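The structure appears below as structure tokens.
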Amino acid sequence: MTKIVVAVKYVPDATANRTFSADNTVDRDGVDGLLSELDEYAVEQALQVVEAGEGEVVVLTVGPADAADAVRKALQMGADSGIHVEDDAIAGSDAFATSEVLAKAIEKVGDYDLVFFGMASTDAGMGVVPTLVAERLGLPAVTYASEITVDGDTVKIRRDGDVATQEVEATGKLVVSVTDQTGEARYPSFKGIMAAKKKPVEEWTLADLGVDAGSVGLDNAWTKVESFEPRPPRTAGEIVTDEGDGGAKLVEFLASKKFV
Amino acid sequence: MTEVLVLIDAPDGKVTKPSLELLTIARRIGEPSAVVFGDADTAVLGEYGAEKIYQLSDAVYSEFLVAPKAEALAQLVADKSPAAVLVPSSTEGKEIAARVALKSQSGLITDAVDVTADGGSITTTQSVFAGNFTVAAQVTQGAPVIAVKPNSAAPEAVNAAGAVEAVSVDVSDAAKGAKITSTKVKEASGRPELTEAAIVVSGGRGTGGDFTEVEAFADSLGAAVGASRAAVDSGWYPHSFQVGQTGKVVSPQLYVANGISGAIQHRAGMQTSKTIVAVNKDEEAPIFELVDFGVVGDLKTVLPQATEEVKKRKG
């Protein structure tokens, strides 16, 4: 019996024109949102662990009202229940505050065995929230997992790094982040979509978690964006069509820039 | 002058170039003190500006993932009250940084591409949203913990004391939760590391699965080889070479994209490169919107000719 909490994020669509709001935070109103693509892999891996044995998958998100869409998508994929932490005070929170809200919510779930995350979000993309949540819960974290095997109390994980492949073992409660190399995430089936409508979703506020509203949000962030500016558009370069001399022309350009 | 702690990455004892870049950046803020886990070539750290070198040699740091290193670095932060902590913005570096920042109650900035100091005030520059925006940010609480990306500064040789001091820290049992049971080092390609390379030559769908021409051109320029997600998903090239949103984000002096259409996924990983060149059969390919120079043509004929031309010019 393995109970897995999968933390997911509702993010602005990466293929849309993403920008900032007046308060220098990510603009989440003007852009369509969705379940972060990288979090689908975490949901998939949690479902596979549970399907290989016994257990349940609880999907958890922290975000505005629209973030319920991310929970619903995970339920359609097959997660058993959802938790949506929503509170106006959370808006603009940095990774530290977000990790505090997540950690308190996970503690409230209580009888979990594993906590899964995607490898990073597709918007802010720091990739540190899994580690911060682990630090707050006093748990080990194994990030960037390529393969996860649960054997009783022991979790075995393969990590494919740049210079080496590591095998890591842990027992007891554990935080795991999974890469997009773990295997395709499933599409919700029609049956899954219908079943998701009956699955329970709890709605929690900061007060439910015992988190002080004064410790989160933009005003309590430990970092501050001073300014932002769009990258100047790249000026159109020279395009030539290969007429048997394309390679030579390419090197001529490289030489003019002193690369050769 | 106050100390600046610099976490050094030294796989197999060899200090990486990004680590030396951090020492150069640290000197803008204060006196660099290198923090080294395990055995490493410490002489080079003094040659690049480290006044002090804290060496932590306990086996615990290599037996378990991340947490013991984070505990030790946080202990050093508590003992030395540094003006800032700089770490390489690698996967491990960012994890150590996150745990240290939380333990020290300090603000954290990751993926910085520049760090400036004006009096006591430290400002970082980051590139966000697939490189479409540049953000200036500051830490407002505690000693800033900053993870800095490779190629953010040119390492400057400057002789410093480089005094080695052995440090031992009692690591808690709680930090020994994720045990490394085996490590298989990948075979070295002989090419520069992708995120550190000055030149990256990459291939995509247009290679048709054969990277021979791409690799040969890369080798003529002394470049690293990269691949698009399409090429990696097709099993043509290993995932560790993938450039893009879900792979590596590179920012070399020169990026040469071959047979890569230039989808947003890929652009997120390379569009902050200084100079961009592309070879693609399709003149409508979006990659041509980004390039300083483009060749509409088949990489199978353009690249071999370019490789020969480079060799000729280099003599």
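Segment A:76-123 and segment B:159-182 have Cα centres spaced 31 Å apart.
For chain A, the relative contact order comes to 23 percent (Cα pairs under 8 Å, sequence separation of at least 6). The Cα atoms of the protein assembly as shown give a gyration tensor whose axes a ≥ b ≥ c have a/c of 1.5 or more with a/b no greater than b/c, which makes the shape oblate.
Dipole size of segment B:164-315 about its Cα centre, with +1 on Lys/Arg Cβ and -1 on Asp/Glu Cβ: approximately 180 debye, rounded to the nearest 20. Using a Gaussian network model of chain A in which every pair of alpha carbons under 10 angstrom is joined by a spring, one finds that among A:243, A:229, A:169 the greatest mean-square fluctuation is at A:243.
Amide H contacts under 5 Å for residue A:142: A:175, A:176, A:177, restricted to partners 5 or more places along the chain or on a different chain, H placed in the peptide plane at 1.01 Å from N.
For segment B:133-276, the relative contact order works out to 21 percent when only alpha carbon pairs closer than 8 Å and six or more residues apart are counted.
Surface exposure of the protein assembly as shown, expressed per residue as accessible area with a 1.4 Å probe, stands at 41 Å². List the GluC sites (Glu not before Pro) within segment A:53-102 that fall in a DSSP loop (any state other than H, G, I, E or B) and whose Cβ has at most 10 other Cβ atoms within 10 Å. Here the sparse-neighbourhood loop sites are A:54. DSSP beta bridges confined to segment B:26-139 are antiparallel in about 70 percent of cases. Based on alpha-carbon centroids, what's the gap between segment A:222-260 and segment A:124-161 in Å, whole number please? So the two Cα centres are separated by 38 Å. Over segment A:147-260, with every protein chain in place, what whole percent of the accessible area is carbon and sulfur at 1.4 Å, could you tell me? Percent of accessible area from carbon and sulfur atoms in segment A:147-260: 50.
Evaluated on segment B:182-315, the Kirkwood hydrodynamic radius is 14.6 Å, with distances taken between all distinct Cα atoms. When only alpha carbons are used to place a centre, segment B:26-55 and segment B:278-315 end up 42 Å from one another. Partner shielding of B:287-300 amounts to 5, given as the average count of beta-carbon atoms from other chains within 10 Å of each residue beta-carbon. Does chain A classify as rounded, prolate or oblate by the C-alpha gyration tensor (a ≥ b ≥ c root eigenvalues; a/c under 1.5 gives rounded; else a/b over b/c gives prolate, otherwise oblate)? Prolate shape, in that a/c is at least 1.5 and a/b is the bigger ratio. Counting only protein heavy atoms and a probe of 1.4 Å, the accessible surface of segment B:222-267 is 53% carbon and sulfur.
Of all DSSP-defined beta bridges confined to the protein assembly as shown, some 35% are antiparallel rather than parallel. Per residue of peptide B:97-105, the mean number of Cβ atoms on other chains within 10 Å of the residue Cβ is 5. When +1 charges are put on Lys and Arg Cβ atoms and -1 charges on Asp and Glu Cβ atoms, the dipole computed for chain B relative to its Cα centre reaches about 300 debye.
Remark: mean inter-chain Cβ contacts per residue of B:77-88 equal 0, using a 10 Å Cβ-Cβ cutoff to other protein chain atoms.
Per-residue packing, averaged as other Cβ atoms within 10 Å, sorts the ranges B:174-186, A:190-202, B:211-223 into the order B:211-223, B:174-186, A:190-202, beginning with the highest. Given A:34, B:128, B:141, which one lies farthest toward the positive end of the charge dipole of the protein assembly as shown, if we put +1 on the Cβ of every Lys and Arg and -1 on the Cβ of every Asp and Glu? Ranked along the dipole, the leading option is B:128. Classified by the C-alpha gyration tensor, segment A:117-165 has an oblate form. Its axis ratio a/c, with a ≥ b ≥ c, is 1.5 or above, and a/b does not exceed b/c.
Sequentially through segment A:182-196, phi angles give Karplus couplings (6.51, -1.76, 1.60; θ = phi - 60°) of 7, x, 3, 7, 6, 8, x, 8, 4, 4, x, 5, 5, 5, 4 Hz, Gly and Pro residues having no value and appearing as x. Computed on segment A:54-186, with alpha-carbon pairs under 8 angstrom and 6+ residues apart, the relative contact order is 20 percent. Under the convention that each Lys and Arg Cβ holds +1 and each Asp and Glu Cβ holds -1, the size of the dipole of the protein assembly as shown around its Cα centre is about 660 debye.
Summing both sides, the accessible surface hidden between B and A at a 1.4 Å probe radius is close to 6700 Å².
The values are calculated or read from the model by the stated rules, or taken from the named source; none is laboratory data. Since the model is a prediction, treat every value here as computed from it, not as a measurement. Using ideal geometry, Cβ is built from the backbone for each residue, glycine included, and neighbour counts are taken over all protein chains shown. Accessible surface areas use protein heavy atoms only, side chains included; no ligands, DNA or RNA. Shrake-Rupley method; radii C 1.70, N 1.55, O 1.52, S 1.80 Å.
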